[in-house]
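Trainee: Have a look at the structure that comes next, please.
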Amino acid sequence: MMVRFGTGLSTAGAVALWCGAAPAVAAESSRETLTQTAFGASDRPSALRQIANVEANAAATLLRSPGDVEAQLTRALATSYRAKLTNSRADALQAKAQFEAITARNPRDAEAQAALGAWHLSAVKSLGGLVARGALGARKASGLDALDRAVALGGQRALFPGLAALLRLAIDPKDPVGASLAETAARAATPTALDRILQRRAVLLIAPLKNGDARGVQALANRLLPLGQFK
């Protein structure tokens, strides 16, 4: 399940134009918090507190500006993170509905597509294909399609191939597309902190991939994903 962060995002500029400097600063702070939680939180209670604060801030923004796309996606991401940490089916379904609504309104938003793809594949990875589909409506094919769209829409940024590589290889460590995407991420542009994080993590997979260490690739990919520090 993905985190949204950094300048130069597909919707951040629009939010700044619509809402002015103060909301843009608030959005940036929320993105930083989600990134720190996803990749740096060391204990579950602290992570859940941080997620709750981000969700509350996003909800407050949406009360003032219901069409704020940045706040919509931030809220959905926070909900999906809480679902992962608490194993809440209700939160998982709520996050899915939010991601689907955002991508329906903004089908060319690369980050929204990546978030939706990550939701599907994270559920399949955690529950297995049959259970994920029956319990949550999660489908591997839907996740891969959304990630492919995100990579295509995302220009030259490392975020999208990096995330796609981690998710693909966490499910199937012999996935040749996942291996290729890791190489692509290693060469891609890093305009934001999240791009740099995902690039570094994709690079870590290249050596075990070249060594043919499928078990090591899969374990490492799972650890390197957002919230991968939590079992």
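Trainee: Tell me, what is the per residue accessible area of the chain in Å², probe radius 1.4 Å?
Mentor: Solvent-accessible surface per residue comes out at 44 Å².
Trainee: Pairs to check: LYS96/LYS140; LYS125/LYS174; LYS84/LYS174. Give those whose C-alpha atoms are more than 19 Å from each other in this structure.
Mentor: Pairs exceeding the cut-off: LYS84/LYS174.
Trainee: What's the angle, to the nearest 10 degrees (0 to 90), between helix 159-171's Cα axis and the longest principal axis of the chain?
Mentor: Around 50 degrees separate the two axes.
Trainee: While we're on this one: Express in Å², to the nearest 10, the accessible area of THR184 obtained by rolling a 1.4 Å probe over the protein heavy atoms while all chains stay in place.
Mentor: Answer for THR184: close to 50 Å² accessible.
Trainee: Explain nothing, just the number: dipole magnitude of the chain about its Cα centre with +1 on each Lys and Arg Cβ and -1 on each Asp and Glu Cβ, in debye rounded to the nearest 20.
Mentor: 520
Trainee: Quick check: Cα centre of the range 206-231 to Cα centre of the range 134-171, how many Å?
Mentor: Taking the Cα centre of the range 134-171 as reference, the centre of the range 206-231 is 16 Å away.
Trainee: Quick one: the Cα spread of the chain along its three principal axes, in angstroms, biggest first?
Mentor: Sorted largest first, the three principal extents are 52, 37, 33 Å.
Trainee: Here's a follow-up. May I ask you to give the percent of accessible area on the range 55-211 that is carbon plus sulfur, with a probe radius of 1.4 Å?
Mentor: Taking all protein chains in place, the range 55-211 shows 54 percent carbon and sulfur surface.
Trainee: Please give the contour-minus-distance gain from PHE230 to LEU127: 0.36 nm per residue of separation, less the Cα-Cα distance, rounded to one decimal in nm.
Mentor: 35.5 nm
Trainee: Moving on. Given all pairs of different Cα atoms, what value in angstroms does the Kirkwood hydrodynamic radius of the range 60-155 take?
Mentor: About 13.4 Å for the range 60-155.
The values are calculated or read from the model by the stated rules, or taken from the named source; none is laboratory data. Computed from a predicted model, the values in this text were never measured in an experiment. Every residue, glycine among them, receives a Cβ derived from its backbone with ideal geometry; neighbour counts consider all protein chains shown. Areas reflect the complete protein model, heavy atoms only, side chains present, ligands, DNA and RNA absent. Shrake-Rupley method; radii C 1.70, N 1.55, O 1.52, S 1.80 Å.
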